[in-house]
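**Student:** This is the structure I want to talk about, given as structure tokens.
The values are calculated or read from the model by the stated rules, or taken from the named source; none is laboratory data. Bear in mind that the values here come from a model prediction, so they are computed numbers and not experimental data. Quick reminder, even Gly has a Cβ in these numbers, built from the backbone with ideal geometry, and neighbours come from all protein chains shown.
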Amino acid sequence: MSFKLKILKFEKLDPFLNMAIDEANLLYNDKNEIILRFFGWNRPSVSIGLFQKISEINFEYLKKEKIPLVRRPTGGKGVFHYDELTYSLIIPSNHPIYELDTVESYKIISMAFIESLLNFNIKGELTKKFGETHGFCFASQNYYEISVDGCKIIGSAQRRKKEGILQQGSIPFRIDYDKTKKIFFLDRVDGFKSIKEIDEKIEIENLEDSLIKSFIKLFDVPFEIKKHSEEKIPNLEKILNEKYLKDSWNLYGYVD
């Protein structure tokens, strides 16, 4: 099977649109196309996992601070998206990685992040499952996420459907620790850190460029680099309006 890799460069977009894009790309993607998308958030936002309960989030605080909340199409726990490089990766169901179990597919994908971090003299490590179950993604470590000196720096979540794999992940460049504590009812803010805390000189575009090279090497197929604004995604507006702009989905996980 002949595959191609489509890379969508970093753009800051609306939180609800970000999730609708990823789901539309998963459901209506060309079956021979791998999609790697980098994005940010046009305002500080919270995303929660597919099956997460809203009670794990300080929703009254979000309303008071006018921080939008969106439910992701992937699992995992909550993330406060503040200043970060977010990624999504879609692998079609006819690709060999789809045949692997979840942990093994995580491991292969994570190696691209490890390689990229080494370009900045950052020795990332693959994590094992560790920590208590909590509403905040970075409060615990899962298999083959990325840590540095025992602190989690990349959190990821995956969803598998008959169309393929969608993996989404957050790479914080700065963390607002005070708001993070309030949003997720945290007493402590340890066990995780941001890229800027490791190396102040690294910018989002630097890491994005490095990751693009690593993923091109990983998949070893023809590739193209584009912007989201150059894309026409089938049924994007329908998914956005009928799902991600609805309180029933974002708060309770169902579409009314």
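**Student:** Looking at the range 55-69, which of its residues are surrounded by fewer than 17 Cβ atoms within 10 Å (Cβ to Cβ) and out of contact with any Lys or Arg (no Cβ under 9 Å at 6 or more places or on another chain)?
**Tutor:** 55, 59, 60, 63, 64
**Student:** Which condition from (1) touching a residue at least 40 places away in the same chain (Cβ under 8 Å); (2) farther than 20 Å from residue 213 by Cα; (3) among the polar types (S, T, N, Q) is the one that residue 86 breaks?
**Tutor:** Checking residue 86 against (1) touching a residue at least 40 places away in the same chain (Cβ under 8 Å); (2) farther than 20 Å from residue 213 by Cα; (3) among the polar types (S, T, N, Q), the one that fails is (2).
**Student:** Working carefully through the options 202, 171, find the one that is assigned to a loop (DSSP other than H, G, I, E, B), β-branched (Val, Ile, Thr), buried (at least 16 other Cβ atoms within 10 Å of the Cβ) and in contact (Cβ under 8 Å) with a residue 24 or more places away in the chain.
**Tutor:** Only one candidate qualifies: 202.
**Student:** Test residue 51 against the stated conditions and say whether it is hydrophobic (A, V, I, L, M, F, W, C) and either in contact with an Asp or Glu (Cβ under 7 Å, 6 or more places away or on another chain) or without any contact (Cβ under 8 Å) to a residue 60 or more places away in the chain (or both).
**Tutor:** no
**Student:** Which residues, counting only those in the range 172-187, are touching a helix residue (DSSP H, G or I) at 6+ places or on another chain (Cβ under 9 Å), over 21 Å from residue 205 (Cβ atoms) and not acidic (Asp, Glu)?
**Tutor:** Within the range 172-187, 179, 180, 182, 183, 184, 185, 186 qualify.
**Student:** If I ask for residues that are closer than 20 Å to residue 55 by Cα and assigned to a loop (DSSP other than H, G, I, E, B), which ones from the range 174-188 would you list?
**Tutor:** Listed by number, the residues that qualify are 184, 185, 186, 187, 188.
**Student:** Determine which member of the set 229, 214 is modelled with pLDDT under 95 and small (Gly, Ala, Ser).
**Tutor:** 229
**Student:** Check 69, 62, 5, 85 and return the single one that is farther than 24 Å from residue 177 by Cα and modelled with pLDDT of 95 or more.
**Tutor:** Criteria check complete, one pass: 5.
**Student:** Which pairs have Cβ atoms under 7 Å, sit 6 or more apart or on different chains, and link a residue in the range 235-252 that is surrounded by fewer than 17 Cβ atoms within 10 Å (Cβ to Cβ) to one that is of a type in the set (Val, Ile, Thr) and outside any helix (DSSP H, G or I)?
**Tutor:** Pairs that qualify, where the first residue is surrounded by fewer than 17 Cβ atoms within 10 Å (Cβ to Cβ) and the partner is of a type in the set (Val, Ile, Thr) and outside any helix (DSSP H, G or I), are 242/255; 248/255.
**Student:** Oh, and also: Within the group 194, 210, 214, which residue is surrounded by 12 or more Cβ atoms within 10 Å (Cβ to Cβ), under 19 Å from the mean Cα position of the chain (by Cα) and under 24 Å from residue 67 (Cβ atoms)?
**Tutor:** None of the other options fit; the residue is 194.
**Student:** Where residues in the range 47-92 are of a type in the set (Ser, Thr, Tyr) and part of a loop (DSSP other than H, G, I, E, B), which of them is farthest from residue 204 (Cα to Cα)?
**Tutor:** 74
**Student:** Of all residues in the range 24-52, which are out of contact with any Lys or Arg (no Cβ under 7 Å at 6 or more places or on another chain), crowded, with 19+ Cβ neighbours inside 10 Å and over 23 Å from residue 212 (Cβ atoms)?
**Tutor:** Answer for the range 24-52, where residues must be out of contact with any Lys or Arg (no Cβ under 7 Å at 6 or more places or on another chain), crowded, with 19+ Cβ neighbours inside 10 Å and over 23 Å from residue 212 (Cβ atoms): 45, 46.
**Student:** Got at least one residue in the range 3-23 being out of contact with any Phe, Trp or Tyr (no Cβ under 9 Å at 6 or more places or on another chain) and either part of a strand (DSSP E or B) or polar (S, T, N, Q) (or both)?
**Tutor:** No - not one qualifying residue is present in the range 3-23.
**Student:** If you don't mind, there's one more thing I want to ask. State which residue is nearest to the chain's Cα centre (by Cα) when the search covers only the range 142-165 and only residues that are over 21 Å from residue 33 (Cβ atoms) and part of a loop (DSSP other than H, G, I, E, B).
**Tutor:** This residue is 145.
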